[in-house]
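Nothing in this text is a laboratory measurement; each read-out follows from the coordinates by a stated rule. Keep in mind it's a predicted model, so treat the numbers as computed, not measured. Neighbour counts are summed over all protein chains in view; Cβ atoms, including those assigned to glycine, are modelled from backbone coordinates with ideal geometry.
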Amino acid sequence: KWTPPPNLQPGVTEDMASEMRAIQRMPESQRDEAMRRFNARHMLSDAQRESLETFNDWKSEEIGRQVQTYQNMLNEEFNDTYSDDARLLEIMNQIPDEVLVELDSKMRRDGQNLHSLLDSSTGGGVNEDVLARLRIAKELEQVPYEERTQKRIDLRVQHFQERLDAEFDHWLYASDDEINAIIGQLSDEELKALDKAYGGQLQQKVEEATAPLLPQDLSGGLMLLSTPGLIMHCIDSSYQEQNSSLMGRIRNVTHDPDQAWEVNTDRVKASLNTIESELNGLWTSDATVMATLSSLNPEELLALQKQFEEKNGEGSFLEKLGTGIGGEQLAKATAMMANANDSVNKVDRQHEMYDQCRQIAVDRKIDELRRDPLNRNKTREELEALVWKDSYDEIEKSAQDGIKKIKTAANDIFKAMDGWGTDPDALHKALVGLSPEEAQLMKVEYRRHFGMDLDVHME
């Protein structure tokens, strides 16, 4: 049975624990220097170090459980007469780097070679992606921990750029499905880095590679060389829907935040017609609704909502969406609209979280000062001035600790609801540790970071 993690001492984070485990996996020749850098950066007390070690004892057992689970899942695919490439890629992409490295080692001890098994069980682009996934996880083990986040982005962008180049170099036979699958594996941060690697021309390159061809364009020798799949691509509207969503994501992720969004009124009108048709039909395609919303930038999303509600009443857009789509898709759509509103109104949620966490710390310090008889007759303004005069560093540290607490809670809740080994105890533990103010901030962080409205996701 899954057991919840032990509490970490204030000032100790899961990221520190992860760094400590990475150091322990290093060759002995590198371990001392890495430990020296760790100690110089964090300067932990004995109690904090003991807390870290206790947490890592629990984490080691947890990683062992995950390794066994993923090994069983992979072996089930390897032993199948017809292994499923998409399923293998899905499994590999959900395995954390640290777990993947341990899994590779365990399978070798068990007489299995993960690289060879993946190589023989997959083909085409999936083969390249799963092998790159394993290679990158192992390469990162040789990189100083504090440099790994950026190095991981660099390695993944390099791999997927090579994959895209192969598609762009053969524009006539470029696979829309392949291009969508490649970009779909990238985080927003990786997608920004990829666009930068293409000199800001990623959208243009994808548009050129996925532009629909008309059958009359395939004349003469080109028609003779064309495959049935290529000709179907010319007339299949599902590709246009898929590519519209893809282009919307690229536009939105790579948009310069200092520039205003442009509203394409024709795109908004067409999107509104599509969504109304879906929501008023006999059944609703979640994929079509989400692809349509994803194709719009924040200004266009709000324009679509405004036009819909002018005809159907204030608040009717999300309400109507809820009658057609549900579950995770509705949680994503609800978050998409809230995030669009933040973007258009230039609401900085990160700065807002910092301000509110700092105010929470100030309020707690004032409550502490009020318990001193010497401060009994002081006004709140006098006590607040005293806090900033004598406890500035303490307040700043408390604010940063509060931010970490909120982000950790959002992450724990996401894992508790979506990860394997879900346990209601983990969900309860993450929620009960938050004050009402922190809970509200956590909901915003959940929406901003995971792209889902927490209240809708929990229903």
(request) Count charges around A331 for me, please; just the other residues with Cβ under 10 Å from its Cβ, Lys/Arg as +1, Asp/Glu as -1. (result) -2
(message) Distance cut-off 24 Å, Cα to Cα: go down the list K138/K404; K151/K196; K196/K269; K138/K429; K59/K138 and report the pairs above it.
(response) K138/K404; K196/K269; K138/K429
(request) Counting only C-alpha contacts under 8 Å and six or more residues apart, can you give the relative contact order of the chain as a whole percent? (result) 10
(request) Convert each backbone phi in the range 195-201 into a coupling constant with the Karplus relation 6.51 cos²θ - 1.76 cosθ + 1.60 (shift: θ = phi - 60°), then list the ³J(HN,Hα) values in order as whole Hz, x for Gly and Pro. (result) 4, 5, 5, 8, x, x, 10
(request) Using R₀ = 35 Å, calculate the FRET efficiency as 1/(1 + (r/R₀)^6) where r is the Cβ-Cβ separation of E208 and D342; round to 0.05. (result) 0.60
(message) At R0 = 22 Å, how high is the FRET efficiency between R25 and N72 if r is their beta carbon distance? Nearest 0.05 is fine.
(response) 0.40
(message) Can you tell me the orientation of helix 392-418 relative to the chain, as the angle in degrees between its alpha-carbon axis and the longest Cα principal axis, to the nearest 10?
(response) 40
(message) So if I take the centroid of the Cα atoms in the range 311-334 and the same for the range 94-117, what is the distance between those two points in Å?
(response) 43
(message) With 36 Å as the cut-off, how large is the P(r) tail for the chain, expressed as percent of Cα-Cα pairs?
(response) 42
(message) Using the basic label-point model (7 angstrom from Cα toward the beta carbon), what is the T54 to D401 distance in nanometres?
(response) 1.6
(request) Could you go through the range 435-449 in sequence order and give the Karplus-derived ³J(HN,Hα) for each residue, using 6.51 cos²θ - 1.76 cosθ + 1.60 with θ = phi - 60°, rounded to whole Hz, and x for Gly and Pro? (result) 6, x, 5, 5, 4, 5, 5, 5, 4, 5, 4, 4, 5, 5, 7
(request) Note down the nm distance, to one decimal, between modelled labels 7 Å out along Cα→Cβ at N273 and at E382. (result) 7.1
(request) Please give, to one decimal in nm, the separation of the simple spin-label points placed at K151 and T81, each 7 Å out from Cα toward the Cβ. (result) 4.5
(message) Sort 300-310, 347-357 by packing, meaning the average of other beta carbons within 10 Å per residue, with the highest value first.
(response) 300-310, 347-357
(request) Pop out the ³J(HN,Hα) list for the range 84-94 in order, Karplus 6.51 cos²θ - 1.76 cosθ + 1.60 with θ = phi - 60°, rounded to Hz; leave Gly and Pro as x. (result) 9, 4, 4, 5, 4, 5, 4, 5, 4, 6, 8
